[in-house]
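Report on the following structure.
Every read-out reported here was derived from the displayed coordinates using simple, explicitly stated rules and does not represent laboratory data. Treat the numbers as computed from the prediction; the structure is a model and nothing was measured. Because the Cβ atoms are built from the backbone with ideal geometry, glycine has one as well, and the counts that use them run over all protein chains shown.
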Amino acid sequence: MPNIKSAKKRVKTNAKERQVNILANSSMKTAIKKFEKSVKDGNKEEASNNLNIAMQRIDKAVNHNLVHKNKAARIKSRLTKLNNTISNQ
């Protein structure tokens, strides 16, 4: 445990920020899984809605520096391609 007052504050703020980061990362992964499940089920409208939500969560993770922007672009591209396959069926 730190002795200096500012170090004690950093411990608290780091813990809060860690919780925010865990929430953003978890919600991104959940949104992606939800989208992939709706594509697998063949529900076009639900997949489209879940795609928009997944894109927003990915962008939020990029803003929190949880995911590199190139990785986010790669994930978004993969999800968009997956969405286009369900549109053509």
Pairwise label distance in nanometres, LYS29 with LEU82, each label 7 Å out on the Cα-Cβ vector: 1.5
Among (i) 38, 30, 24; (ii) 44, 23, 18; (iii) 64, 23, 14, find the value of Cα extents along the principal axes in Å that was calculated from the structure presented, and write down its label. (iii)
The relative contact order of the chain, taking Cα pairs under 8 Å that sit 6 or more residues apart, comes to a percentage of 27
I'd like the Karplus ³J(HN,Hα) series for the stretch 43-53: coefficients 6.51, -1.76, 1.60, θ = phi - 60°, whole numbers in Hz, and an x wherever there's a Gly or Pro. 8, 5, 5, 5, 5, 5, 5, 5, 5, 4, 5
Whole-Hz couplings from phi, Karplus 6.51/-1.76/1.60, listed for the stretch 7-17; x for Gly and Pro: 5, 5, 5, 4, 4, 5, 5, 5, 5, 5, 5
Test item: Cα-centred dipole of the chain, Lys/Arg +1 and Asp/Glu -1 on Cβ, debye: 640
Dipole of the stretch 45-89 [Lys/Arg +1, Asp/Glu -1 at C-beta], most positive-end residue of GLN56, VAL67, THR85: VAL67
